[in-house]
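Report on the following structure.
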Amino acid sequence: MRKIAIFVVLALTTVSCITATAQKQNKKVMKKVLFVLTSHDKLGDTGEKTGYWTEEFAAPYYELADKGVQIDIATPLGGQPPVDPKSDNPSAATGDTKRLDKDTEVLAKLKNTKKLSEVNQADYDAVFYPGGHGPLWDLATDKTSGALIEAFYTHNKPVAFVCHSPAVLKNVKVNGEFLVKGKNVTGFSNTEEAAVGLTDIVPFLLEDALQAKGATYSKVADWHPYAVEDGLLITGQNPASSKLVAEKLLHQLNAKK
């Protein structure tokens, strides 16, 4: 009887140790990414609305979430970020945006985004900025956003951007130098801006602004997928590049122990 009791104790101890080890390993491999969206909803003086571009949020969100990455969402003002109405047009719909339309859990997260000033890079493994025209007006000059990007970068964590969101890099400095100086980048091109008829509406042209800060800008044909990776910095040219940027970000996350 005593031998049986000892065996049971040893067995329970072994199971407990295995469970604890598994939990520790799961906790270790679980990655967490912060998504930062715009709070700006006015398209200059046109009287039209803008915001974030749905595909540029949905495609990367599901690319990462489906691989087990935890995602939080933040905005400058907190709460519901504005959606560019053009990105909700059926002609702009994709499999990911249609999935988002029915995803009550993610839609609830969008309604209750964290305030950007209340998040800390120490709680995350990377940061990702979806685009849309909104960031050109708020995040591009937001000092909290700039400091956050700098903090991620200086703590050796990936920073990723797509379409118009690379514009938020134009004033970001690391060790006194513009982060994009000497870096290979891409983003919404001048020709793509002209194609949507907003060259004279936006506060600045992303392609020109990044080059003015010392970036080596490159692009492919309008509307084609294209992403550039330069160390921790990942940028994508347009909405079609959203998933490609997320794939590169995921690769970096998986490469980190």
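The values are calculated or read from the model by the stated rules, or taken from the named source; none is laboratory data. Remember, predicted model here, so these are calculated numbers, not experimental data. Note that we place each Cβ from the backbone using ideal geometry, even for glycine, and neighbour counts take in every protein chain shown. Accessible surface areas use protein heavy atoms only, side chains included; no ligands, DNA or RNA. Shrake-Rupley method; radii C 1.70, N 1.55, O 1.52, S 1.80 Å.
Would a scan of the stretch 217-227 turn up a residue that is loosely packed, with under 14 Cβ neighbours inside 10 Å, charged (D, E, K, R) and at negative phi? No, every residue in the stretch 217-227 fails to be loosely packed, with under 14 Cβ neighbours inside 10 Å, charged (D, E, K, R) and at negative phi. Looking at the stretch 156-175, which of the residues that are of a type in the set (A, V, I, L, M, F, W, C) and assigned to a strand (DSSP E or B) is surrounded by the fewest Cβ atoms within 10 Å (Cβ to Cβ)? Once the filter is applied, the top-ranked residue is Val174. Considering only residues in the stretch 153-185 that are under 12 Å from Leu206 (Cα atoms) and hydrophobic (A, V, I, L, M, F, W, C), the one that is farthest from the chain's Cα centre (by Cα) turns out to be Val185. When the stretch 145-155 is filtered for residues that are of a type in the set (Ser, Thr, Tyr) and either open to solvent by 60 Å² or more (accessible area, probe 1.4 Å) or over 26 Å from Ala59 (Cβ atoms) (or both), only Thr154 remains. Determine, yes or no, whether Thr199 is free of Cβ contacts under 8 Å to residues at least 12 places away in the same chain and either buried (at least 20 other Cβ atoms within 10 Å of the Cβ) or of a type outside the set (Gly, Ala, Ser) (or both). Answer is yes for this residue. Count of the stretch 134-155 residues, restricted to those that are of a type in the set (A, V, I, L, M, F, W, C) and assigned to a loop (DSSP other than H, G, I, E, B), is 1.
Can you find a residue that is part of a loop (DSSP other than H, G, I, E, B), open to solvent by 60 Å² or more (accessible area, probe 1.4 Å) and touching a Gly at 6+ places or on another chain (Cβ under 8 Å) anywhere in the stretch 202-216? Checked the stretch 202-216: at least one residue is part of a loop (DSSP other than H, G, I, E, B), open to solvent by 60 Å² or more (accessible area, probe 1.4 Å) and touching a Gly at 6+ places or on another chain (Cβ under 8 Å).
Going by what's in this entry, would Gly131 be described as in a loop (DSSP other than H, G, I, E, B), crowded, with 22+ Cβ neighbours inside 10 Å and not basic (Lys, Arg)? When the stated conditions are applied, Gly131 passes them. For beta carbons closer than 8 Å, sequence separation of 6+ or different chains, a first residue in the stretch 133-153 that is in contact (Cβ under 8 Å) with a residue 60 or more places away in the chain and a second that is part of a helix (DSSP H, G or I) and of a type in the set (Ser, Thr, Tyr), the qualifying pairs are Pro135/Ser165; Leu139/Ser145; Leu139/Ser165; Thr144/Ser117. The lone criterion from (1) under 21 Å from the mean Cα position of the chain (by Cα); (2) farther than 20 Å from Leu37 by Cα; (3) of a type in the set (Val, Ile, Thr) left unmet by Ile201 is number (1). Residues that are assigned to a loop (DSSP other than H, G, I, E, B) and among the aliphatic types (A, V, I, L, M) were ranked within the stretch 45-104; the one that is surrounded by the most Cβ atoms within 10 Å (Cβ to Cβ) is Val69. For Leu100, the test of being without any contact (Cβ under 8 Å) to a residue 60 or more places away in the chain and either charged (D, E, K, R) or farther than 18 Å from Asp41 by Cα (or both) is passed. Scanning the stretch 105-117 for residues that are touching a residue at least 12 places away in the same chain (Cβ under 8 Å), surrounded by fewer than 17 Cβ atoms within 10 Å (Cβ to Cβ) and assigned to a helix (DSSP H, G or I) yields Lys109, Lys111, Ser117.
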